[in-house]
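Presented below is the structure to which this report refers.
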Amino acid sequence: MLDRIEIERACRALVGAFPYHIDNRHYEEVVGLFTEDGCFERPGILVRGHAELRQMLADRPLKVATCHFCGPTVFTAIADDTVSAVTYFTLYQAEIPASGFPAFDKPTAIAEYHDALQRTTQGWRIGAGIFQGGRRR
């Protein structure tokens, strides 16, 4: 097995890049984080592959800003070529005003990402990213 620390480091960087690029509207970078057939799922949306992901991102409202605050990533399974991870996050959304900064006054969601990460010839990529609501008991 490859060095667990190196795998975790690469996967933590991958998982952390997703909210950064989403919040900053770096959409091609978001697409590049996924495998060619990767999927992203959140309530009401399931997209598969780069073309559908690009379309979903292009459809995001231009007047809405997002800000993700993410907790540490917990790795639930690690193998040489696949990793499962969970990351808790709080999402804020706000309308972008004509001047000044968006007023992120309350959370839109407190949830978790469940990621299935895969080693590819280009490095680690997201094979499946699933946005899930808060914990259910």
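Is it the case that Ala13 is over 15 Å from the mean Cα position of the chain (by Cα) and either under 19 Å from Glu95 (Cβ atoms) or in a helix (DSSP H, G or I) (or both)? Spell out how you get there, then give the answer.
Values: over 15 Å from the mean Cα position of the chain (by Cα): no; either under 19 Å from Glu95 (Cβ atoms) or in a helix (DSSP H, G or I) (or both): yes.
In short, no.
Looking at the range 1-43 only, could you name the residues that are surrounded by 15 or more Cβ atoms within 10 Å (Cβ to Cβ) and hydroxyl-bearing (Ser, Thr, Tyr)?
Tyr27, Thr35
Any residue at all in the range 119-131 that is polar (S, T, N, Q), without any contact (Cβ under 8 Å) to a residue 40 or more places away in the chain, within 18 Å of Arg12 (Cα to Cα) and in contact with a strand residue (DSSP E or B) (Cβ under 6 Å, 6 or more places away or on another chain)?
no
Return yes or no: is Asp80 in contact with a Lys or Arg (Cβ under 8 Å, 6 or more places away or on another chain), part of a loop (DSSP other than H, G, I, E, B) and among the acidic types (Asp, Glu)?
On the way: in contact with a Lys or Arg (Cβ under 8 Å, 6 or more places away or on another chain): yes; part of a loop (DSSP other than H, G, I, E, B): yes; among the acidic types (Asp, Glu): yes.
So Asp80 passes the test.
What about Ala65, is it part of a strand (DSSP E or B), modelled with pLDDT of 95 or more and farther than 20 Å from Ile126 by Cα?
Yes; evaluated as a whole, the condition is true for this residue.
If a residue must be touching a residue at least 60 places away in the same chain (Cβ under 8 Å), loosely packed, with under 15 Cβ neighbours inside 10 Å and hydrophobic (A, V, I, L, M, F, W, C), how many such residues does the range 53-105 contain?
Of the residues in that region, 1 qualify.
The values are calculated or read from the model by the stated rules, or taken from the named source; none is laboratory data. The shown structure was predicted, so the numbers you read here are calculated from the model rather than taken from an experiment. Because the Cβ atoms are built from the backbone with ideal geometry, glycine has one as well, and the counts that use them run over all protein chains shown.
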